[in-house]
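This report concerns only the one structure given below.
The values are calculated or read from the model by the stated rules, or taken from the named source; none is laboratory data. A quick note: this is a predicted structure, and the numbers were derived from the prediction, not measured. No Cβ is skipped: glycine too gets one built from the backbone with ideal geometry, and neighbour counts run over all protein chains shown.
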There are 2 protein chains.
Amino acid sequence: MNKCFVFAFLLWTTIILGQPKNDVLSDEEILKGIYTTALVKNQGYKWLEELTEMGPRLTGSENATKAVYHFQKIADSLGFKTFLQPVTVPQWVRGEAEEANYKTTSGKIVLNSCALGGSIATPEKGLKAPLFEITSFEQLDSLTTELEGKIAFYNIPMNPAFINTFFAYSNSAKQRYVGALEASKKGAVGVVIRSLSATVNDLPHTGSMTYKGADTKIPAMAISTLDAEKLSTNLKDNPSLEFFMKMNCESKDSVISYNLVAEIEGAQNSEEVIVLGGHTDSWDLGTGAHDDGAGCVHSLEAIWLLKQLDILPKRTVRVVFFMNEEFGLDGAKVYAKESKKENINHVIAIESDAGGFSPRGISVVAPDSLVARVREFRSLFEPYGLHQFTETGSGADISQLYSKDLVMLGLRPDNHRYFDIHHSAADVIESVSPRELEMGSATIAAFIYLLDKYDISAK
Amino acid sequence: MNKCFVFAFLLWTTIILGQPKNDVLSDEEILKGIYTTALVKNQGYKWLEELTEMGPRLTGSENATKAVYHFQKIADSLGFKTFLQPVTVPQWVRGEAEEANYKTTSGKIVLNSCALGGSIATPEKGLKAPLFEITSFEQLDSLTTELEGKIAFYNIPMNPAFINTFFAYSNSAKQRYVGALEASKKGAVGVVIRSLSATVNDLPHTGSMTYKGADTKIPAMAISTLDAEKLSTNLKDNPSLEFFMKMNCESKDSVISYNLVAEIEGAQNSEEVIVLGGHTDSWDLGTGAHDDGAGCVHSLEAIWLLKQLDILPKRTVRVVFFMNEEFGLDGAKVYAKESKKENINHVIAIESDAGGFSPRGISVVAPDSLVARVREFRSLFEPYGLHQFTETGSGADISQLYSKDLVMLGLRPDNHRYFDIHHSAADVIESVSPRELEMGSATIAAFIYLLDKYDISAK
């Protein structure tokens, strides 16, 4: 490593050698040390490379559980106290590559498609039926017999005018989650949805769906946004067009997998716990580099960074690698239940599940006075490009711990690209910028440091 | 296009049909219209796709001039008044793929390499010589006879601890620009530099170099950052290691190319000119999607956006597509000279030459009172994620117009990824996010609107 570029880092560590750093350095200096160490050492990116090399981590798969052991090995080697929490999780398998096509006067059109997570298979030889296109939820509500015997084609784009793509996603995600359920009530025999992506291209995006309350289960797939636009056009030219879909995915028996909890005991108030984490499971089309490999790595590296700087928080810190966020938050529910049983006194909860992009800010869920208190840290983060201190939720896994006495935070990375890769084959290490990932880890470490130092608590 | 996602846009345009929009709408509403139109229509991204499909646009190449005509055709079709300004530009050609290798006890190591722009060729059969590694500029200054007969190996990484990668680049770029010049003075026979990239990977990055003032010209190439690290290690094991480099690049006669100027006459103060632009030329390893296709498209689309919203600026607006930023700002110099000759009264100059990433802010070069005035717009841009109103320069091309009476602005996109792709084969359309690009165009359009409406001027 070159002398030049570690100068600041070495200077920083040399000044305070042998002293607890948080006693002699200002908050500005501590943050500089945290961000510098992250960007120079790239430890989190290395961990993410190792993780994604293991392949996808679909809930219930052998790989998902292997990833848990992999993180445990790292955490053990770093001197954490680790333990596993058994979690019963669903096991859905995609089976062979899906098929989707239709004929036009110019020939057969083959679509980029994928089964939605949790879908049943089509009949063995596939399913062929006319389509009915649904372009809004209002239209869906107004339908009476139009879907009978047909494949419902949900073509409800994410609204590109939203600056925050998560809002656009929330407004359109219903077609994926309950599209089959609602269409089956109106007599549809299958469902094809426009992928939930902010960009028009060839990638199909999977994601979870539910049959809860359905009398009849019908198969559901996603097609790429570009294919959805083409299909819509072709359907206008030929409303009796027949759509063919074939999938042999299936739900198998539930299996046991695990949450991983890695803990460092607090130096003073060890009965108070700061919990942070991401989810180990991923979708299977990519390798879950952003969703949520980045979140797991952010969390683990945040603690590693504090350790590198000899900062031992007063409170106990727990990193939780939640299992099965994607298919129903099973791990988060188990963690919340076990914590309640053991009277774990969580004071702060932090989640990273919005990708490994440039961090733009943090979202805080807490009583107003504490939100204001957290916002006072804003000037410390401005040099690192964090300006957005919002109140737009925290994270799905830690939401299971919700209480009015808990200060909850969610990392908010830049989200313009998130839904280009989310749940698709593009969610791989190549789509992660090492620097952007490291900035996220450093941000979480910095927040833990400050929230701990200043005893931020709603209790 | 779906009803749902253009709702805000349609509503916006419908309200004010037939009226000059800036008379009836607030600044907040105008900005909403600008950003919505950009994100819904994606016009700039479509232009960037067309541009990059044409291939690289190396200064002096046929392609670079073709790109000028391509932009002129678009600008003409939009109703701009357009004209070309002849620019004499150098013509350097890379020739065949470069070769670089050395032997270790485990066999021959082949490196990812590329000639630096402007370099002479090696002898036809290549150049083989021992290496001398230089790891800092201070070390270079202290050298006496160490480089004689050797290939100077500059291995001075960009400092990852800088949050702004442009600062890290500036601190290391000297090895590329004057590395050969300085090494030749000390007797070196060739130069190999570590690519100027913030990430350690396999991509070589080219860029310009100078022989100005050199008695002897020696050939210079860049190798990937990863290869530089390996080479450094191997060189420690075997200091007499011989490095082989072969390049047949050459400088040909200068040729005539062009600046393109596209103008819309101002509605009231047409003698005052707002100039904005990027540079048409690119490096040849990629297709200059970010550098500076994005800047050209940002500039053109900014005006297109105002037009879409029936906003006609009071001042004349000129979009300039500068030729040859990369090899010495020839186009910018011609534009400045011609403008002076014609007494063009520039009041505002805006440049986009920092990539098509999420815009994070703007840099302003102006008298203090005007910097403060521009900063007053900050709250208007916060909803769009722009918070950084800095004074860190404007842009290389518009810098040729510098006067204390000119308000100069540079778009400041997120820069964490910029030097991963800069001047390399990764600078292609796939590395551009449509949403991020569009946010940049909208930001420039919004600034033009505000600077024009509020008569911002240093005169």
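Structural remarks
- Per the listing B:ALA228, B:ALA267, B:ALA214, B:ALA220, the residue uniquely under 19 Å from B:ALA173 (Cβ atoms) and over 26 Å from the mean Cα position of the chain (by Cα) is B:ALA214.
- The single residue among A:ASN324, A:ASN345 that is assigned by TED's automatic domain parsing to the domain that holds A:VAL428 and on the phi > 0 side of the Ramachandran plot turns out to be A:ASN324.
- Residue that is within 11 Å of chain B (Cβ to nearest Cβ), modelled with pLDDT of 95 or more, touching a helix residue (DSSP H, G or I) at 6+ places or on another chain (Cβ under 8 Å) and crowded, with 16+ Cβ neighbours inside 10 Å, where the choices are A:PHE153, A:PHE162: A:PHE162
- Identity of the residue in segment A:165-177, more than 13 Å from chain B (Cβ to nearest Cβ) and free of Cβ contacts under 8 Å to residues at least 60 places away in the same chain, that ends up farthest from A:LEU116 (Cα to Cα): A:SER170
- Index of the failed condition, A:ALA198 passing every other in (1) within 14 Å of another protein chain (Cβ to nearest Cβ); (2) surrounded by fewer than 22 Cβ atoms within 10 Å (Cβ to Cβ): (2)
- Of the residues B:SER363, B:SER379, the single one that is polar (S, T, N, Q), within 30 Å of A:TYR418 (Cβ to Cβ) and surrounded by 16 or more Cβ atoms within 10 Å (Cβ to Cβ) is B:SER363.
- Output for segment A:312-326, where each listed residue is among the hydrophobic types (A, V, I, L, M, F, W, C) and crowded, with 23+ Cβ neighbours inside 10 Å: A:VAL317, A:VAL319, A:VAL320, A:PHE321, A:PHE322, A:MET323
- Elements of type helices (runs of 4 or more DSSP H) in segment B:325-429, at least 1 residues being in contact (Cβ under 8 Å) with a residue 12 or more places away in the chain and under 30 Å from B:ARG94 (Cα atoms): B:330-341, B:418-421
- Filtered residues of segment B:231-250 (kept if under 25 Å from the mean Cα position of the chain (by Cα) and surrounded by fewer than 17 Cβ atoms within 10 Å (Cβ to Cβ)): B:GLU250
- Residue within segment B:92-101 that is without any contact (Cβ under 8 Å) to a residue 40 or more places away in the chain and not polar (S, T, N, Q) present: yes
- Residue under evaluation A:PHE357, criteria (1) at positive phi; (2) buried (at least 21 other Cβ atoms within 10 Å of the Cβ); (3) of a type in the set (A, V, I, L, M, F, W, C), criterion not met: (1)
- Taking the numbered list (1) surrounded by fewer than 18 Cβ atoms within 10 Å (Cβ to Cβ); (2) among the β-branched types (Val, Ile, Thr); (3) within 14 Å of chain A (Cβ to nearest Cβ); (4) in a strand (DSSP E or B) in turn, B:VAL255 passes all entries but (3).
- Scanning segment B:189-238 for residues that are part of a loop (DSSP other than H, G, I, E, B) and closer than 15 Å to B:ASN101 by Cα yields B:ASP202, B:PRO204, B:SER224, B:ASN238.
- When A:LEU203 is tested against the conditions (1) buried (at least 20 other Cβ atoms within 10 Å of the Cβ); (2) over 25 Å from the mean Cα position of the chain (by Cα); (3) within 14 Å of chain B (Cβ to nearest Cβ), the lone failure is (2).
- Enumeration of residues in segment A:266-275 that are out of contact with any Phe, Trp or Tyr (no Cβ under 9 Å at 6 or more places or on another chain) and either buried (at least 24 other Cβ atoms within 10 Å of the Cβ) or not in a loop (DSSP other than H, G, I, E, B) (or both): A:ASN269, A:SER270, A:GLU271, A:GLU272, A:VAL273, A:ILE274
- Top-ranked residue in segment B:382-432 [being surrounded by fewer than 18 Cβ atoms within 10 Å (Cβ to Cβ), among the acidic types (Asp, Glu) and away from every other protein chain (no Cβ under 14 Å); ranked as nearest to B:SER113 (Cα to Cα)]: B:GLU391
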